[in-house]
Amino acid sequence: MTPLQKVQEQFSKDILEARIFSNEETLTIKPSALKAVAEFLKGTPGLEFNFLMDLTAVDYLFYAGGRVQKEWRFEVVYHFFSLKFNHRIRIKVAVDETNPQVDSLSGLWASANWYEREVWDMFGIRFTDHPDLKRILMYEEFQGHPLRKDYPVNKRQPLIGPKI
Amino acid sequence: MPGKTKPWIGSNAMSRLSSPSNFFTSKLKDALGWARKFSIFQYPFVTACCGMEYMSTNASHYDQDRFGAGFPRFSPRQSDVLFVVGTISQKMAPVLKTVYDQMCEPKWVVAFGVCTCTGGFYDNYSTVMGIDTVIPVDIYIPGCPPRPENVIDGLIKLQAKIQTGEQSRTLYDPRAKKGRPAEVQDDYTIEQHIKHIGT
Amino acid sequence: MLLNVGPSHPAMHGVIRLIMELDGEKIKGVDVEIGYLHRAFEKMCETVTYTQCFPYTDRLNYVSPLINNVGFALCVEKLLGLDIPDRAKYIRVIMSEISRVTDHLTCIGATAMELGALSVFLYMMKAREYLYELIEEITGARLTISYVRIGGVKADLTAGFAQRAEGKIALVRKTLVEVDELLTRNRIFFDRMKDVGRISGEDAISYGITGPFLRSTGIAYDVRKASPYLIYDRLAFEVPVGTSGDNLDRYFVRMAEMEQSLRMIEQCFKQIPDGPISGSLLGCVIPAAQMVDAAKMGQTQELIEDEVVTDPTLQGSTRKYHDAVNAIDKEVVLPAKEDTYGNIEGLMNHFKLVMYGHGIKPPIGEAYFPVEGANGELGFYIVSDGRDQPWRVRVHPPCFPIMAALPKCLVGSVMADLIPTFGSVNMIAGELDR
């Protein structure tokens, strides 16, 4: 059984979407199930995803001009990799814009710490139980979250110098 | 005071000799200029990709040392030319200003790479569009990154400037330029977003 | 006491701020602050088309720019489901490996310079110049090359490139031998690097570290072996692995990797399929103006077979070489210059690919493609919404988790150990802050 099938079997009621494209398996789950799925992926013999390779988010505000209906605005994307079995899986967590909050995985994988800080900085999605959630790429005086689709690309907030 | 170099021979020679103190001070100034231009102690404020071409210019193939600029001083107090190499982001701009303020007179600034000259193609929320909005710049070396030959050309022009003792003191105010496009709006509405990405 | 190793510092390769908590000389804690070179790569890529993203990817890891280009192109090709010809794959591998060698040369050179070995820096820069000459011959630029295109590469290799490359590789090998003699048994270098900046394998995995940093701890994970892409499964190479995870092992791993990369380039030159495949042209060269006049008069029969005199800057991308190094897909790859300037179909094809709103449009979906960068696994995650501009481009920077793990390597050592450790991390600010 592939990792996707194992997760589907265990968490069938929390899965919103499942997709297989080329050699990639993707699952979209509800935010409440993230911690349980992550522990399942890390701990189960046969899966053993010991690498949290990447953690990022995508803003789907008006995606594809409205042709593709998405009920949620953000998706937090986790790429897991297992060194022993050399397989990968992508877990996407559907996050609503009214309550952008997700559980933090920094207790399970140490790499999650900085990645979650970056997602907070760029998208404004909070991570509960994160040890130190502050901006990492932008400066503290910066207002707004730049990678959201409603932030204009050249709206500068200079610390010194003319405001252009 | 900073002024134009007076020619040695020619019509001004008589006026030099007629006033001995002028003669000595201008010769001293020329000598100082000559000494300064062949012993450049640069502070390499290296941030990004241009740093690789700075390293190549410093290395043995293109060799900055033959111009007297081979020994970087890593303290702003001990250096006289600030080479700003690579993109300056908004987070870095106060640091650049602090380093510039710490340098002693006389000091010159070289904007190395197009990101420091005008911002390059990074017209976004986090890049300073030209460091001359923050500190006064003497020499602009465009290029992304500039070839070492470009850098040496800029260095020779810098030496000509150092010889005359001329220093740039003005910042560039982009709003003073006529015909500049309107500023970016603060509110970016959903309608504008739809119009921007198309249907 | 708190010591600020500020953003502008001679020994920092790029801009980063370390706030060190010291007790005399011993390091009690390190707070790493990044973001001083944040240039909004991901936001800029959302505003331009796929081909226009390539200059932005060059400036990510600017010491090995071709690897970034290749990674981005492979991810978009995965979304499109496009396969490129073998010769293009070999060319991409050759250029990637040359870039990898320049990265390791710069890393070891800069680390040695900070420890006081200035000659090593100059030798490494000399070797890097040889490789820059090779890169410039093929791509036209030394550093920010934008050479790879979606569906292939921009232009074919020049004639006689293999001989020149072999000569330069021999010179680079000679330089590496000289550096080895200067550094490897050097008492000072050895003492400063041995048992400094240690990290264990489990910690490295927990932090998500890949690349030479992970391989120095004993775990042999290399993307080129684990999930081979392009033609790495046809090349014979080894993955050097260290034992103790300290700075010295990282130095050895990088030196060994350079030798492996040079061997891979030599194997590629033996295996690469031959050049121009559509070489059976009549070879009658006429000026472009005459060709246009003939076309206007309706004499188009012979024009398909004639060769247009094009600009010397377009060397290697004319019709003779075009199909050998680009996939045959009209919706993705620009036509050869003879067709663009010579007949109306080529002109329309070119326009359709270049105008805003038209161009390369991958289907709605997403893809993640990992590539072995010089610092570790460089992964591109691209979300497409069917337009000619990407919806989201995410690059997984290999030195991001390494910088997150830097406090773990440093706590317990003395202040002077910061310098070699930081040098062996090979932090590239363009990649870290994007």
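In terms of other Cβ atoms within 10 Å, C:Val425, C:Val395 run from fewest to most in the order C:Val425, C:Val395.
Considering only Cα-Cα distances, which of the following residue pairs are longer than 24 Å: C:Lys89/C:Lys154; C:Lys330/C:Lys361; C:Lys89/C:Lys225; C:Lys43/C:Lys330; B:Lys91/C:Lys361; A:Lys84/A:Lys134? Those over the limit are C:Lys43/C:Lys330; B:Lys91/C:Lys361; A:Lys84/A:Lys134. The mean number of Cβ atoms from other chains found within 10 Å of a Cβ in peptide C:380-390 is 3, as a whole number.
Over all pairs of different C-alpha atoms, the stretch B:12-170 has a mean inverse distance whose reciprocal, the Kirkwood radius, equals 16.4 Å. Averaging the sequence gap over all C-alpha pairs within less than 8 Å and six or more residues apart, then dividing by the number of residues, gives the stretch A:3-128 a relative contact order of 24 percent. Across peptide A:136-143, the mean count of Cβ atoms from other chains lying within 10 Å of each residue's own Cβ comes to 6.
Could you bin all the Cα-Cα distances of the stretch C:63-169 into 10 Å bins starting at 0 and give me the percent of pairs in each, rounded to whole numbers? With a bin width of 10 Å, the distribution comes to 14, 42, 28, 12, 3, 0. Taking θ as phi - 60° and the Karplus parameters 6.51, -1.76 and 1.60, the scalar couplings of the stretch B:148-154 work out to x, 5, 4, 5, 5, 4, x Hz in sequence order, x denoting glycine and proline.
Couplings 3J(HN,Hα) of the stretch C:374-385, computed from phi: 6, 9, x, 7, 9, x, 10, 10, 10, 10, 10, 10 Hz, in residue order, whole Hz [Karplus 6.51 cos²θ - 1.76 cosθ + 1.60, θ = phi - 60°; x for Gly and Pro]. Put a plus charge on the Cβ of each Lys and Arg, a minus charge on the Cβ of each Asp and Glu, and nothing anywhere else: the dipole of the protein assembly as shown about its Cα centre is then about 1880 debye. Taking amide hydrogens as placed 1.01 Å from N in the peptide plane, the amide H of C:Gly152 sits under 5 Å from those of C:Ala327, each at least 5 positions away in sequence or on another chain.
Per the Kirkwood formula applied to alpha carbons, the stretch B:55-103 shows a radius of gyration over Rh ratio, Rg over Rh, of 1.04.
Based on C-alpha pairs under 8 angstrom that are at least 6 apart in sequence, chain C has a relative contact order of 26 percent.
Rg ratio for the stretch C:201-258: its Cα radius of gyration over 2.2 N^0.38 Å, N being its residue count, equals 1.14.
Would you mind giving the average projected area, over all directions, of the Cα convex hull of the stretch B:79-160 in nm² with one decimal?
Values: hull surface 20.2 nm².
About 5.1 nm², averaged over all directions.
Estimate the FRET efficiency between C:Lys330 and C:Leu182 by the formula 1/(1 + (r/R0)^6), using the beta-carbon distance for r and 60 Å for R0, to the nearest 0.05. Write out the running numbers ahead of the final one.
Working: r = 54 Å, r/R0 = 0.91.
Efficiency, from the Cβ-Cβ distance: 0.65.
Looking at chain C alone, DSSP beta bridges between its own residues are antiparallel in about 95 percent of cases. For the stretch A:34-75, the list of chymotrypsin sites (Phe, Trp or Tyr not before Pro) that fall in a loop by DSSP and count at most 12 other C-beta atoms within 10 angstrom is empty. For the stretch A:27-63 and the stretch C:199-247, compute the distance between their C-alpha centroids and round to whole Å. So the separation of the two Cα centres works out to 24 Å.
At q = 0.06, 0.08, 0.11 Å⁻¹ the log10 of I(q)/I(0) for the protein assembly as shown amounts to -0.41, -0.72, -1.35, computed by Debye summation with a single uniform scatterer per C-alpha, solvent ignored.
3J(HN,Hα) couplings calculated from phi for the stretch C:167-180 with the Karplus curve 6.51 cos²θ - 1.76 cosθ + 1.60 (θ = phi - 60°) are, in sequence order, x, 5, 5, 4, 5, 5, 4, 4, 5, 5, 5, 4, 5, 4 Hz; Gly and Pro show x. Report, in whole Å, the centroid distance computed from the Cα atoms of the stretch C:37-76 and the stretch B:102-129. A separation of 22 Å, based on Cα centres. With Cα atoms as the point set, the radius of gyration and Dmax of chain C evaluate to 23.7, 87 Å. Normalised by 2.2 N^0.38 Å, with N the number of residues, the alpha-carbon radius of gyration of the stretch C:349-397 equals 1.39. By the gyration tensor of its Cα atoms, with a ≥ b ≥ c the square roots of the eigenvalues, what is the shape of the stretch C:42-114: rounded for a/c under 1.5, prolate for a/b over b/c, or oblate? Note, shape of the stretch C:42-114 comes out oblate.
A DSSP coil position with no more than 14 other Cβ atoms inside 10 Å describes the following GluC sites (Glu not before Pro) in the stretch C:208-270: C:Glu238.
Restricted to Cα atoms, the stretch A:1-43 shows a radius of gyration and a Dmax of 10.0, 29 angstrom. Residues whose amide H comes within less than 5 Å of that of A:Ile29, counting only those at least five positions distant or on another chain, are A:Leu16, A:Lys92, A:Val93, A:Ala94 (H built at 1.01 Å from N in the peptide plane). Dipole magnitude for chain C: computed about the Cα centre from +1 point charges on Lys and Arg Cβ and -1 point charges on Asp and Glu Cβ, it is near 440 debye.
To the nearest whole number, what is the average tally of beta carbon atoms from other chains within 10 Å of the beta carbons of peptide C:27-38?
Details: counts 0, 0, 0, 0, 1, 2, 4, 5, 11, 11, 12, 16.
Average neighbour count from other chains, rounded to a whole number: 5.
Entry note: the stretch C:151-268 has Rg to Rh equal to 1.04, where both radii use alpha-carbon atoms and Rh is the Kirkwood radius.
Considering Cα pairs under 8 angstrom that are at least six residues apart, work out the relative contact order of the stretch A:54-122 and quote it in whole percent.
Details: 87 pairs, mean separation 20.3, N = 69.
Contact order relative to length: 29 percent.
Considering only DSSP beta bridges whose two residues both sit in the stretch B:12-170, what percent are antiparallel, to the nearest 5?
Here the antiparallel bridges make up roughly 5 percent for the stretch B:12-170.
Report the FRET efficiency, 1/(1 + (r/R0)^6), for B:Trp34 and A:Phe40, where r is their Cβ-Cβ distance and R0 is 56 Å, rounded to 0.05.
Values: r = 75 Å, r/R0 = 1.34.
The computed FRET efficiency comes out at 0.15.
Taking the Cα-to-Cβ direction at A:Lys30 and at C:Lys26 and moving 7 Å from each Cα, how far apart do the two end points lie in nm? A separation of 5.1 nm, rounded to one decimal place.
In angstrom, the C-alpha Rg and Dmax of the stretch C:343-434 are 20.7, 70. Within the same chain, aspartates and glutamates fewer than 8 places from B:Lys97 are excluded, and of the rest, those with a Cα less than 20 Å from its Cα are A:Glu140, A:Glu141, B:Asp80, B:Glu105, B:Asp132, B:Asp138, B:Asp173, C:Glu33.
By the equivalent-ellipsoid construction on the alpha carbon gyration tensor, the stretch A:3-128 comes out with semi-axes of 23, 18, 13 Å, ordered largest to smallest. Each 5 Å bin from zero up to the one holding the largest Cα-Cα distance in the stretch C:171-213 carries the following percent of pairs: 5, 17, 16, 14, 17, 16, 12, 3, 0.
Read-outs: derived from the displayed coordinates by stated rules, not from any lab. These numbers come from a predicted model, not from an experiment. Every residue, glycine among them, receives a Cβ derived from its backbone with ideal geometry; neighbour counts consider all protein chains shown.
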